[in-house]
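The values are calculated or read from the model by the stated rules, or taken from the named source; none is laboratory data. Bear in mind the structure is a predicted one, so any value in this text is a computation, not a measurement. Heads up, the Cβs are rebuilt from the backbone with ideal geometry, glycines too, and the neighbour counts pull from every protein chain shown.
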Amino acid sequence: MHLTTDQGIPLSHTDDSLRPGPRGPTLLEDFHFREKLTRFDHERIPERVVHARGSGAHGYFQVYEPLTRYTKAKFLQDPSIKTPVFVRFSTVAGSRGSADTVRDVRGFAVKFYTQEGNFDLVGNNMPVFFIQDGIKFPDVVHAVKPEPHHEMPQAASAHDSFWDFVSLVPETAHMVMWVMSDRALPRSYRMMEGFGVHTFRFINAEGKSRFVKFHWKPLLGVHSLVWDEAQKLAGKDPDFHRRDLWEAIEMGDPPEYELGVQIIEEEQADTLGFDLFDATKLVPEEVVPVKRVGKLVLHRNPTNFFAETEQVAFCVQNVVPGIDFTNDPLMQARLFSYLDTQLTRLGGPNFAEIPINRPLAPVHNHQQDGFHRHTIDAGRANYHPQAIPA
Ligand code: HDE
């Protein structure tokens, strides 16, 4: 296959720039040279402000039994339907090139490409969170990230500014227990639980609403490293978790997780003795058991890291009919923040047209234009309601 420019023009040579004589200088008219360098100069996009270091995998989700009693969500009705998914696991504090085995929370974000559009369950490997109100998120993240004057320490969650913040904000105590536990040193992404953290709602076809907490239970069980192993691995193989996930899938040993739900009747919420919309609290499994309702299988590695794992845009507001939000103030802040963040990170409002973000369900609306628009809209009526022929 011969090389071409971005315009498809065949290239005869890419190893020397065009020069008027043996000593040059390089000619401005060498359009291939200019294009090649320009494209290289612009290869980077901003890394995620949190969860910059991540690893992805493709797979599918299948429900065990119809969940019709609880939700009208189509992908939770039919056990014969395999809903494609893309999952991204991540650390939170470190930069894109930081080590995998640091002491940190792990992201467990799942994009379900359902027949009714995309559902993003953007969770963590711990069931609670540091704060109760999203307005404090920039503060907790600034405190845990490297200190601003010298940009140290990298990818750590036990340093002076972090202790300073958590000592002044008592609501962080529960989450700090989790972060200082073995859960912050997972053995593998394949051996990690996941949690939706917030209380969501299930809505059935009659319009009845119940509260729901989402869980992921790894079929390999939950396993951790010890601190000494984690520190040595961070030096010997900074890609330890990424490699483990990649190789398990390549070897035909796909990681599997069961989706669990804790369902809480609206009337029951007031009897629990704590606020169900407070993300620093969990619902004990002995009070409301976790019902395992389906299976997630990750059986295919991404083809290209940037195109898929880097460009995937999870948005908490992506829910399908039958799944809904609650008044949790942390969740409400996230409903704003994820869309907002993608606008800068992915360069404009058309990021849902990037292949990894594109829903499999048909898209039909009158949104238009903006940077990087791919869709070529036809017709003259770009508004609603409309009566004139298209
Ligand atoms: Fe996030 N979070 N978050 N977060 N979060 C982001 O979105 C934010 C929170 C989580 O693999 C950002 O696309 C706010 C809880 C994961 O691409 C950003 C608040 C939980 C990922 C953002 C929270 C999470 C993110 C950065 C407080 C667990 C990585 C880049 C209200 C339930 C997803 C991006 C991936 C990423 C904001 C709290 C999980 C800035 C404002 C609680 C797994 O939008």
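Miscellaneous remarks
- Taking segment 160-183 as the range and being surrounded by 12 or more Cβ atoms within 10 Å (Cβ to Cβ) and touching a strand residue (DSSP E or B) at 6+ places or on another chain (Cβ under 8 Å) as the test, the residues that pass are SER161, ASP182, ARG183.
- Residue under evaluation ALA156, criteria (1) away from the ligand (no atom under 14 Å from the Cβ); (2) modelled with pLDDT of 95 or more; (3) out of contact with any Leu (no Cβ under 6 Å at 6 or more places or on another chain), criterion not met: (2)
- Here segment 122-141 is the region considered, the condition is being more than 6 Å from the ligand (Cβ to nearest atom) and part of a loop (DSSP other than H, G, I, E, B), and the residue that is nearest to the chain's Cα centre (by Cα) is ASN125.
- Residue-level check: of (1) surrounded by fewer than 16 Cβ atoms within 10 Å (Cβ to Cβ); (2) part of a loop (DSSP other than H, G, I, E, B); (3) within 14 Å of the ligand (Cβ to nearest atom), ASP340 misses just (2).
- Residue selected from segment 335-378 under the condition in contact with a helix residue (DSSP H, G or I) (Cβ under 9 Å, 6 or more places away or on another chain) and charged (D, E, K, R), by the criterion nearest to GLU43 (Cα to Cα): ARG345
- Looking only at segment 159-181, and only at residues there that are hydroxyl-bearing (Ser, Thr, Tyr) and under 27 Å from ARG88 (Cα atoms), the one that is nearest to the ligand (Cβ to nearest atom): THR172
- Segment 199-229, residues that are within 18 Å of LEU272 (Cα to Cα), in contact with a Ser or Thr (Cβ under 7 Å, 6 or more places away or on another chain) and not hydrophobic (A, V, I, L, M, F, W, C): THR199, ARG201, LYS213
- Within segment 334-353, the set of residues being farther than 19 Å from LEU121 by Cα and either aliphatic (A, V, I, L, M) or within 14 Å of the chain's Cα centre (by Cα) (or both) comprises LEU343, ARG345, LEU346.
- Only listed residue being more than 19 Å from LEU121 (Cβ to Cβ) and touching a Phe, Trp or Tyr at 6+ places or on another chain (Cβ under 9 Å), chosen from LEU185, LEU168: LEU185
- Members of segment 292-311 found to be of a type in the set (Val, Ile, Thr), assigned to a strand (DSSP E or B) and within 17 Å of the chain's Cα centre (by Cα), listed by number: VAL297
- Output for segment 214-244, where each listed residue is polar (S, T, N, Q) and over 28 Å from VAL316 (Cβ atoms): GLN231
- Some residue of segment 312-333 being part of a strand (DSSP E or B), touching a residue at least 40 places away in the same chain (Cβ under 8 Å) and away from the ligand (no atom under 11 Å from the Cβ): yes
- Taking each residue of segment 48-70 that is over 21 Å from ASP239 (Cα atoms) and without any contact (Cβ under 8 Å) to a residue 60 or more places away in the chain and looking for partners that are assigned to a loop (DSSP other than H, G, I, E, B) and more than 9 Å from the ligand (Cβ to nearest atom) with beta-carbon atoms closer than 9 Å, six or more apart or interchain, yields PRO66/GLN77; PRO66/ASP78; PRO66/PRO79.
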